[in-house]
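The structure under discussion appears below in the form of structure tokens.
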Amino acid sequence: MRRRLAALVAAATCVVGLTGCSSEPFAPGRATGVGVQLFEWTWDSIASECTDVLGPAGYSWLLTSPPNEHITGTQWWTHYQPVSYRIESDLGTREQFAAMVKTCHEAGVDVYADAVVNHMTGSDTGGIGWAGSSYQHDDYPGIWTDADFHHCGLTADDDIENYSDAAQVQTCELLNLADLDTGADHVRQRLGEYLKDLQSLGVDGFRIDAAKHMASDDIAAITSVLKPGTVIMQEVIRGAGEPIQPEQYTGNGQVYEFAWGTGLLTGTPDPSSGGFVDSDDAIVFVENHDTERNGSTPNSTQIDYVLDVVATLAADYGTPQIFSGYRYATTDDGPARASDGAVALVECPADPGPRVEVADGQMVCQHRWPATLGMLRWRAAVGDAAVTDEWTQGLARAFGRGDLGFVVLNGTAKSLVTTLTTSVPDGTYCDLVAGPPTSSGCAGGAVTVAGGMVAVDLPAHTAAAFAASDPA
Ligand code: LM2
Ligand code: CA
């Protein structure tokens, strides 16, 4: 007998780890491999999030915003203009940072920091940083003098103009930001010391900001002093026909594979079609703080965003990084601030989800959305099982991971009513796109497999996923 059950994309009633919610927690211990970029979150807020949500939900690691002293201002991008390597920012103090790392480790979550090592500030007038250090464009007392910077002499004002010229990209200034001479031994050493200092606070890995703007060898030298096993995630934006490509950096660690998120804009990215780094080398993401603003990938205000997150977490390619940011009116705006001028503690919406209204400056908490949490659970359940039972019909598609899980994505504007072959054993299973199951049962609808077939009835722009380990 075949039964047809609508797969509901219902709002979950709770967030795992919070009071009133008793979804079975993952054993702390890096269950999924999935990370979350907590963009502009304060260290104190990250600490509570590790305990309350990230650990129980199965997040393996998180990425912080840059933790060092930065220029002052209310824009988020002040964090991408370092003034010194003191761990002192409007996101928190050194002590708060260290306490956060400890708390997150106790919750089973590794901490990676965003490392801005290509450049310092873009200021032409100089000033005083957040922690009180004074600086000029090419002069950071006690740290760098003019001789420590590239003065490329290749363009009129030493700014990068032409991405087809590798020397310009790596030795001229990105956005007028004073470009460190990362080829020089003592510059490499000082940058390595900064990263080691973070490591002494427990940091497990680094995003290397603007990696494309440093020679791969420079990054190798800077990171060579780190503990074996330190995770390195390099930001090398793929540009067609450019001389500098992500493949040149995989010897140092992983790279962000921008082709994944870009590919989501038009359908399903297909790494086997070429133009992608190998799966083990790739960090994949639906959006990051830059692409959220510049449109080069989907963003969380768009109709198929949840589908894109589901597709990314279900795929057998790369290490997913979930993005969690805040609502803004204009792209420069930073998050809400406390009365002392520092970034305010985070308050997630009561029931975070795609349809919840969020005021400007407030966190959206995409990493708490039911579909994201449910798919973390699904991903942990399927492990590295091979892709099976693939089915495609235009923007609708489905696939399984061995006999452990199955996912259906309806990216079309019409309901998807069909019957599909699945290797998941006959039975009735919770739809995990509705959220992780709770002690009272499925978070949303259920799906039945009978005779090796599953009947699906999915509204436009929705998805459903079930795992053999989560029967209804
Ligand atoms: C990155 N990766 O390689 C970051 O992901 C990206 O967010 C950074 O740009 C960039 N590289 C440099 O670290 C952001 C932001 C820019 C901002 C810079 C520096 O997207 O808009 O530039 O940080 O804060 C701002 C102004 C720009 C000005 C520059 C220097 O928007 O107009 O350039 O400061 O004063 C003259
Ligand atoms: Ca450079």
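Descriptive notes on the structure:
- All conditions but one from (1) touching a residue at least 12 places away in the same chain (Cβ under 8 Å); (2) open to solvent by 10 Å² or more (accessible area, probe 1.4 Å); (3) not β-branched (V, I, T) apply to F406; the one that does not is (2).
- Restricting D185, D181 to residues that are free of Cβ contacts under 8 Å to residues at least 40 places away in the same chain, charged (D, E, K, R) and touching a strand residue (DSSP E or B) at 6+ places or on another chain (Cβ under 8 Å) narrows the list to D181.
- When Q302, Q248, Q321 are screened for being open to solvent by 50 Å² or more (accessible area, probe 1.4 Å), under 18 Å from the mean Cα position of the chain (by Cα) and of a type in the set (S, T, N, Q), only Q302 passes.
- Single residue of the stretch 324-375 satisfying the filter (of a type in the set (D, E) and farther than 20 Å from D431 by Cβ) that is least open to solvent (accessible area, probe 1.4 Å): D333
- The stretch 196-211: number of residues that are within 16 Å of ligand 1 (Cβ to nearest atom) and not in a loop (DSSP other than H, G, I, E, B): 4
- Boolean, T51 is polar (S, T, N, Q), closer than 16 Å to E347 by Cα and at pLDDT below 95: no
- For D159, the conditions (1) within 14 Å of ligand 1 (Cβ to nearest atom); (2) touching a residue at least 24 places away in the same chain (Cβ under 8 Å) are fulfilled apart from (2).
- Checking V417, V449 one by one, the residue that is open to solvent by 50 Å² or more (accessible area, probe 1.4 Å), in contact with an Asp or Glu (Cβ under 9 Å, 6 or more places away or on another chain) and in a strand (DSSP E or B) is V417 and no other.
- Extreme residue, nearest to I71 (Cα to Cα), among residues of the stretch 161-171 that are over 27 Å from the mean Cα position of the chain (by Cα) and not in a helix (DSSP H, G or I): E161
- The set of residues in the stretch 97-115 that are outside any loop (DSSP other than H, G, I, E, B) and either hydroxyl-bearing (S, T, Y) or closer than 19 Å to V53 by Cα (or both) comprises F97, A99, M100, V101, K102, T103, C104, H105, E106, D110, V111, Y112.
- Picking from residues in the stretch 172-188 that are assigned to a helix (DSSP H, G or I) and away from ligand 1 (no atom under 16 Å from the Cβ), the one that is surrounded by the most Cβ atoms within 10 Å (Cβ to Cβ) is R188.
- Selection from the stretch 415-440 of residues that are modelled with pLDDT of 95 or more, over 28 Å from the mean Cα position of the chain (by Cα) and under 21 Å from T372 (Cβ atoms): Y429
- When the test is whether a residue is within 16 Å of ligand 1 (Cβ to nearest atom), assigned to a loop (DSSP other than H, G, I, E, B) and buried (at least 21 other Cβ atoms within 10 Å of the Cβ), V236 passes it.
- Looking across the stretch 111-133, the residues that are in contact with a Leu (Cβ under 9 Å, 6 or more places away or on another chain) and free of Cβ contacts under 8 Å to residues at least 60 places away in the same chain come down to T121, G122.
- For D217, the criteria (1) surrounded by fewer than 18 Cβ atoms within 10 Å (Cβ to Cβ); (2) of a type in the set (D, E, K, R); (3) closer than 26 Å to E88 by Cβ; (4) within 13 Å of ligand 2 (Cβ to nearest atom) hold in every case but one, which is (3).
- Any pair with Cβ under 7 angstrom, 6 or more apart, that starts in the stretch 79-99 at a residue that is farther than 15 Å from A113 by Cβ and ends at one that is in a strand (DSSP E or B): Q81/H70; V83/H70; V83/Y135; V83/Y140; S84/Y140; D90/V343
- When G267 is tested against (1) more than 16 Å from ligand 1 (Cβ to nearest atom); (2) farther than 21 Å from Q81 by Cα; (3) open to solvent by less than 40 Å² (accessible area, probe 1.4 Å); (4) modelled with pLDDT of 95 or more, exactly one condition is not met: (4).
- Condition met for V382 (of a type in the set (A, V, I, L, M, F, W, C), surrounded by fewer than 18 Cβ atoms within 10 Å (Cβ to Cβ) and within 25 Å of the chain's Cα centre (by Cα)): no
- Residue match in the stretch 121-131 (condition: crowded, with 23+ Cβ neighbours inside 10 Å, part of a loop (DSSP other than H, G, I, E, B) and of a type in the set (G, A, S)): yes
- Residue pairs meeting the criteria (Cβ under 6 Å; at least 6 apart or on separate chains; first in contact (Cβ under 8 Å) with a residue 60 or more places away in the chain and under 30 Å from D333 (Cβ atoms), in the stretch 269-297; second of a type outside the set (D, E) and part of a loop (DSSP other than H, G, I, E, B)): H289/F39
The values are calculated or read from the model by the stated rules, or taken from the named source; none is laboratory data. Quick caveat, the model's predicted, so the values are computed rather than measured. Ideal geometry is used to build each Cβ from the backbone, glycine not excepted, and the neighbour counts take in all protein chains shown. Accessible surface is based on the protein model in full, side chains and every heavy atom, while ligands, DNA and RNA are left aside. Shrake-Rupley method; radii C 1.70, N 1.55, O 1.52, S 1.80 Å.
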